[in-house]
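Quick notes on the structure that follows.
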Amino acid sequence: MAKKDTQLPDLPEPYEYVDTLGSGSYGVVVLAKDATVKDPEKAKVAIKIIRAPQKMQVQAVARELMIHGAIKHPHIVPVHRCFSTEEHIGVVMEYIRGGRLFDMVNNVGPFPEAKARWIFRQLMDAVRYIHKDMNSMHRDIKLENIILADAKKQWPTIYLCDFGFARTRGPQFGPTISCVGSPNYFAPEILLRNAKNQRYDGKKADIYSCGACLFVMLFGFYPQGVVTKDRKAGKIDVDSIYIEIPKVQRQRLHPGHKEVPIGPECLNFLSQLLEPDPEKRLTLEGIWKDRWFRDNTHRRRRKVAAVLGR
Ligand SMILES: Nc1ncnc2c1ncn2[C@@H]1O[C@H](COP(=O)(O)OP(=O)(O)O)[C@@H](O)[C@H]1O
Ligand SMILES: [Mg+2]
């Protein structure tokens, strides 16, 4: 058996530690095998281990499980079961083999429009399900939380993961006030809320983060490059965010950035997703009506790729 991190608890039977897949805000995700399953590939599972000795954390974990555990969707990582030890909670999930979408963009560079749309449509399908069917919001949509079934495929299937910040929004809950998620994908109102203590609509903020994901897939860098720089210095400059995002124009996107051949319909769609005013931002209904979003070029190209065996 592979050497495991000494911080990690022993996994309960029938799971055996194989490797560490990733670690983040309050958990570690490990690759494990189910000893009762003979086929070594089928035996693989991913287990998110969350340290939960305190009441607050138990509440947070319960929320993640309540939302993620109840979801069944073709583009959301399936949860098989959960277990608890004295100090930890484990979420046993299907192991998704292809790695993070973030690493794929990082390794191969920006995607052509048709491929970005193919992935974005899967993401929006998952988000529509979370917002409409589950009446919840994810609040941490980013390329690091999207994993690929098979990274080598030209038209990969994606899965959204990490429901650590997700919330249900029933009638008893108003707009959210907490500042969670990842600054590179933050909607401007989350940062504004930080500055002025305002409330914001988490579902609208999710749409912005999806727009940021599409942007990164197409351009290979974040919409608010300036913010990243400021963040390194330990602060986020709210004003700087507003400068470039409303008008997604190639020449203004990033100083010194070489031209990316992206069509006007795509740029128009992006600028409506990255609209700083949440009230004017595209809604789910608007997204499904958009010409660029509805374009089926990827379907034709997939058929050609299938014929060519790619
Ligand atoms: N079901 C899974 N299959 C394969 N890899 C996974 C799975 N779930 C998570 N991972 C990997 O572990 C990383 C961290 O998982 P995540 O749920 O995002 O936790 P955190 O809250 O720590 O960010 C992900 O970015 C991904 O690389
Ligand atoms: Mg994560």
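The values are calculated or read from the model by the stated rules, or taken from the named source; none is laboratory data. Note that the coordinates shown come from a computational prediction; the quantities given were computed from them, not determined experimentally. Ideal geometry is used to build each Cβ from the backbone, glycine not excepted, and the neighbour counts take in all protein chains shown.
The residue of segment 165-185 that is modelled with the highest pLDDT, among those that are within 27 Å of Phe111 (Cβ to Cβ) and in contact with a Phe, Trp or Tyr (Cβ under 8 Å, 6 or more places away or on another chain), is Tyr185. Taking residues in segment 106-121 that are assigned by TED's automatic domain parsing to the domain that holds Val216, and partners anywhere that are of a type in the set (Gly, Ala, Ser) and assigned to a loop (DSSP other than H, G, I, E, B), the pairs with Cβ atoms closer than 8 Å and at least 6 places apart or on different chains are Gly109/Gly220; Pro110/Gly220; Glu113/Gly263. Would you call Ile67 within 15 Å of ligand 2 (Cβ to nearest atom) and part of a helix (DSSP H, G or I)? Taking the combined requirement at face value, the residue satisfies it. Listed by first and then second residue, the pairs linking a residue in segment 8-19 that is closer than 10 Å to Ala32 by Cβ to a residue that is at pLDDT below 90 and of a type in the set (A, V, I, L, M, F, W, C), with Cβ atoms under 7 Å apart and 6 or more places separating them unless they lie on different chains, are Glu16/Met1; Tyr17/Met1; Tyr17/Ala2; Val18/Ala2; Asp19/Ala2. Hey, can you tell me all the residues within segment 77-94 that are touching a residue at least 12 places away in the same chain (Cβ under 8 Å) and either in a strand (DSSP E or B) or assigned by TED's automatic domain parsing to the domain that holds Phe293 (or both)? Listed by number, the residues that qualify are Val79, His80, Cys82, Phe83, Ser84, His88, Ile89, Gly90, Val91, Val92, Met93, Glu94. A count restricted to segment 210-235 and to residues that are buried (at least 23 other Cβ atoms within 10 Å of the Cβ) and either on the phi > 0 side of the Ramachandran plot or modelled with pLDDT under 75 (or both) stands at 1. If the condition is being in contact (Cβ under 8 Å) with a residue 60 or more places away in the chain and within 12 Å of ligand 1 (Cβ to nearest atom), then segment 145-157 contributes Ile146, Ile147.
Please go through segment 94-114 and pick out each residue that is of a type in the set (Lys, Arg) and surrounded by fewer than 18 Cβ atoms within 10 Å (Cβ to Cβ). Answer for segment 94-114, where residues must be of a type in the set (Lys, Arg) and surrounded by fewer than 18 Cβ atoms within 10 Å (Cβ to Cβ): just Arg97. Identify all residues within segment 130-158 that are within 16 Å of ligand 2 (Cβ to nearest atom) and either in a loop (DSSP other than H, G, I, E, B) or in the same structural domain as Lys72 (by TED's automatic domain parsing) (or both); write none if there are none. Of everything in segment 130-158, those that are within 16 Å of ligand 2 (Cβ to nearest atom) and either in a loop (DSSP other than H, G, I, E, B) or in the same structural domain as Lys72 (by TED's automatic domain parsing) (or both) turn out to be His138, Arg139, Asp140, Ile141, Lys142.
Only a single item in (1) modelled with pLDDT of 95 or more; (2) assigned by TED's automatic domain parsing to the domain that holds Ile141 is not met by Asp34, and it is number (2).
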